[in-house]
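Beneath this line is the structure, given in structure tokens, with notes to follow.
The values are calculated or read from the model by the stated rules, or taken from the named source; none is laboratory data. Computed from a predicted model, the values in this text were never measured in an experiment. Positions of Cβ are generated from backbone atoms using ideal geometry, with glycine treated the same way; all protein chains shown enter the neighbour counts.
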Amino acid sequence: MTAPVTTPAAARDAARGTGAPPAPHRRRRIQHPGAIVAFVAPFGLLFLLFYLVPIGYAIYQSLLVVEREGTYGAATEVFGGLTQYALVFQNEAFWTSVGRMLVFGVVQVPIMLGLALLFALLLDSPLLRGKKFFRLAFFVPYAVPGVIAAIMWGFLFSPNLSPFQELTKQVDFLSADLVLWSIANVVTWVFVGYNMLIIYSSLLAIPAEIYEAAVLDGAGQGRIAWSIKIPLVRPALILTAIFSIIGTLQLLAEPQVFRSFSSAVTSTYTPNMTIYATSSIPNVNLAAAFSVVLALATFVLSFTFLRITRKKAEA
Amino acid sequence: MSAVIDTEAAHGSIGSDVPAGRSRRGAAPAGRRPKERFIPRAGAMLVMGVFTLYFLVPIWWLVVASTKDRADFLGTNPLWFADFAFFDNVAALFAYRDGVYLRWLLNSVLYAGFGALVATLLAAMCGYALAKYRFPGREAIFNVVLGGVLVPATALALPLFLLFSRVQLTDTFWSVFLPSVVSPFGVYLTRVFAEASVPDELLEASRLDGAGEVRTFFTVSIRLMFPALVTVFLFQFVAIWNNFFLPLIMLRSEELFPVTFGLYAWNSSINQFPELRSFVLVGALLSIIPLIVTFLLLQRYWRTGLGTGALK
């Protein structure tokens, strides 16, 4: 899923810890301690139970191995160090699925964000009429859950039931070669409008005076978009890109639904599907190690992307 | 989440770029807005028109398909109506297996509606306290929560399952509901919003009037934070409604499924039970209508909220 947009200044301050004024040296009594506890404790407790403890528990589980006495003996979990991680790195299915998602992301994310940017720019330009209609029509798919979207497109792609049979009988969108891109189409269909709105919101924030000089100079809409608007919405683009990268690596519902339309989608098609399949063997320790590695890979990828784009911005 | 880059660098380059465009389109008549030419306008409308079809035809197809009986579904134009059997289809869907579909809808409303409501309230209280009170550990708590925003929900599904199975709570309502009421993003957004929109003077005035802190929050502050609360509610509602991994890994009993997961289960067995196809299609349509309506009704707030985040 897609967490939305942040306020850069606040985030930056928070990251540096500069949000709070330097603590005074004299001890000051905390005012309203009861209220603070009453406000913070409910969320704090649940955050601890359902965020922090599970993360810790996943790491703990990933460090265990199951030992059996004989073939049918009782299974006991013992500390195994990094044994599971060694297995993760030898696991071909897992890395194939990670590689598949990288290929998916390299193609799908630029297409999706390119379209979202194009639509946002058109909405922001004086070229269009009926902007409100387009904004709504493009955003509607975001209200369709991934599972439902995948079911719908599964029918639309099918050779026998599709309204576009002339096409789907010729081109097998559910074949091993194409099904990845059919899934990419589902994801694009759902998320273009959402990303469009984020970019559009940040276009609306640009003060109109900025364009005046350009207009007086006779710059056309294309020129204004390319030279002024796109550089100014860079932060929004980077943000949507990062959320898209995270979303790509976490892909689960759409391919899982496509399994009933196409035998080419295996039970280990994406990393999360591999985790689910492994946990239902059940091999929870290996599955936990997969989870940890996937979460770390997601972090590394997002931060690498951020680094690269930031370097470019400074250059 | 320092995902956002300063725009200062971008600002700097504008001045030097723009004059280069001078010669391309010729100078606009001074004193009034230049009229856009016909070709760019038609091109823009054409692009938007084509993509309107791309975005809406699948939904149109679903609407049409859900009005047809099985013979017409296979035998007539998939993009236009035949005999109108929508209400028969809905009746059959609601009657199937003692109305399990209605049960799923109710479950989804509980998981997503009630869950998002609780999540919003908890996040608002915490974000408000982090914004409006000074206490040791405040920034530390905020930074940990901010880290939580970056943890993908699917990464938590497996460990949550392992923990819940320890206490034998898998395959219960709570196993899906409880993890859904935690929204770190909500804390982040409500804190930012409370800082900006709840003035300290107002709280002081309320205190002078003798109102307690908790009462002040529920009567004064929460109203000022309302746009942010709607945004948090919507995001959390969508996140829970769409959540797939958690029900997939937690639930075995059909009567606990949320509607998307139930439809997934039916869709997976269409090959064995072809009569399910009509139920899947009608059920899918009925399940997205409330979402689309909610979105359209609340989109004003939705945009405000996106703005709060994106624009600063």
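For the subset of the range B:257-297 comprising residues that are aliphatic (A, V, I, L, M) and in contact with a Phe, Trp or Tyr (Cβ under 6 Å, 6 or more places away or on another chain), which member is farthest from the other protein chains (Cβ to nearest Cβ)?
First pass over the range B:257-297, keeping only residues aliphatic (A, V, I, L, M): B:259, B:263, B:265, B:270, B:276, B:280-282, B:284-286, B:288-289, B:291-293, B:296-297.
With the extra rule that they be in contact with a Phe, Trp or Tyr (Cβ under 6 Å, 6 or more places away or on another chain), the set shrinks to B:259, B:276, B:280.
Working: B:Val259: 9, B:Leu276: 11, B:Val280: 6 Å.
Residue satisfying both the conditions and the ranking: B:Leu276.
Just for the range A:268-296: of the residues that are in a loop (DSSP other than H, G, I, E, B) and more than 21 Å from the chain's Cα centre (by Cα), which one is surrounded by the most Cβ atoms within 10 Å (Cβ to Cβ)? First the steps, then the outcome.
To start, the set of residues in the range A:268-296 that are in a loop (DSSP other than H, G, I, E, B) comprises A:268-270, A:280-283.
So of that shortlist, the ones also more than 21 Å from the chain's Cα centre (by Cα) come out as A:280-283.
On the way: A:Ser280: 13, A:Ile281: 9, A:Pro282: 11, A:Asn283: 16.
Filtering the range A:268-296 for residues that are in a loop (DSSP other than H, G, I, E, B) and more than 21 Å from the chain's Cα centre (by Cα), the one surrounded by the most Cβ atoms within 10 Å (Cβ to Cβ) comes out as A:Asn283.
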Contact list, first residue from the range A:111-128 and of a type in the set (Asp, Glu), second anywhere and in a helix (DSSP H, G or I), beta-carbon distance below 6 Å, six or more apart or interchain, is A:Asp124/A:Leu203
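Give A:Arg135, A:Arg100 a once-over and let me know the one that is within 18 Å of B:Pro58 (Cα to Cα), of a type in the set (Lys, Arg) and part of a helix (DSSP H, G or I).
Details: A:Arg100 fails: within 18 Å of B:Pro58 (Cα to Cα).
Result: A:Arg135 is the single residue among A:Arg135, A:Arg100 that is within 18 Å of B:Pro58 (Cα to Cα), of a type in the set (Lys, Arg) and part of a helix (DSSP H, G or I).
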Looking at (1) in a helix (DSSP H, G or I); (2) modelled with pLDDT of 90 or more, which is the one condition that is false for A:Lys312?
(2)
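Residue-wise test of (1) touching a helix residue (DSSP H, G or I) at 6+ places or on another chain (Cβ under 6 Å); (2) at pLDDT 90 or above.
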| position | (1), (2) |
| --- | --- |
| A:Phe164 | no, no |
| A:Lys169 | no, no |
| A:Ala176 | no, yes |
| A:Trp181 | no, yes |
| A:Val215 | no, no |
| A:Gly218 | yes, no |
| A:Thr240 | yes, yes |
| A:Gly247 | no, yes |
Which residues, counting only those in the range A:171-199, are over 30 Å from A:Thr268 (Cα atoms) and either of a type in the set (Lys, Arg) or at the interface with chain B (Cβ under 9 Å from one of its Cβ atoms) (or both)?
A:Leu197, A:Ile198, A:Ile199
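Just need a number here: residues in the range A:123-132 that are in a helix (DSSP H, G or I) and either within 22 Å of A:Val186 (Cβ to Cβ) or touching a helix residue (DSSP H, G or I) at 6+ places or on another chain (Cβ under 8 Å) (or both).
Kept after step one, since they are in a helix (DSSP H, G or I), are these residues of the range A:123-132: A:123-124, A:131-132.
Next, from what is left, pick out any that are either within 22 Å of A:Val186 (Cβ to Cβ) or touching a helix residue (DSSP H, G or I) at 6+ places or on another chain (Cβ under 8 Å) (or both): A:123-124, A:131.
Number of matching residues: 3.
Do we find that B:Phe164 is at pLDDT 90 or above and within 11 Å of chain A (Cβ to nearest Cβ) in this structure?
Working: at pLDDT 90 or above: yes; within 11 Å of chain A (Cβ to nearest Cβ): yes.
For B:Phe164, the condition - at pLDDT 90 or above and within 11 Å of chain A (Cβ to nearest Cβ) - is met.
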Within the range B:65-88, can one find any residue that is in a helix (DSSP H, G or I) and of a type in the set (S, T, N, Q)?
no
Flagged in the range A:261-315 as free of Cβ contacts under 8 Å to residues at least 60 places away in the same chain, facing chain B (nearest Cβ under 7 Å) and more than 30 Å from A:Leu178 (Cα to Cα), in numbering order, are A:Arg310, A:Glu314
When residues of the range A:297-315 are filtered for being loosely packed, with under 13 Cβ neighbours inside 10 Å and closer than 21 Å to A:Phe243 by Cβ, how many remain?
6
So, first residue closer than 19 Å to A:Leu156 by Cβ in the range B:272-293, second residue outside any helix (DSSP H, G or I) and of a type in the set (Gly, Ala, Ser), Cβ within less than 6 Å, six or more apart or across chains; the pairs are B:Leu281/B:Ser66; B:Val282/B:Ser66; B:Leu285/B:Ser66
Matching residues in the range B:106-146 - criterion: being surrounded by fewer than 21 Cβ atoms within 10 Å (Cβ to Cβ) and within 17 Å of the chain's Cα centre (by Cα):
B:Val109, B:Leu110, B:Gly113, B:Phe114, B:Leu117, B:Val118, B:Leu121
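Considering the range A:202-227 alone, what residues qualify as being surrounded by 23 or more Cβ atoms within 10 Å (Cβ to Cβ) and assigned to a helix (DSSP H, G or I)?
Here is the first cut: in the range A:202-227, the residues surrounded by 23 or more Cβ atoms within 10 Å (Cβ to Cβ) are A:202, A:219, A:221.
Within the range A:202-227, A:Ser202, A:Gln221 meet the criteria.
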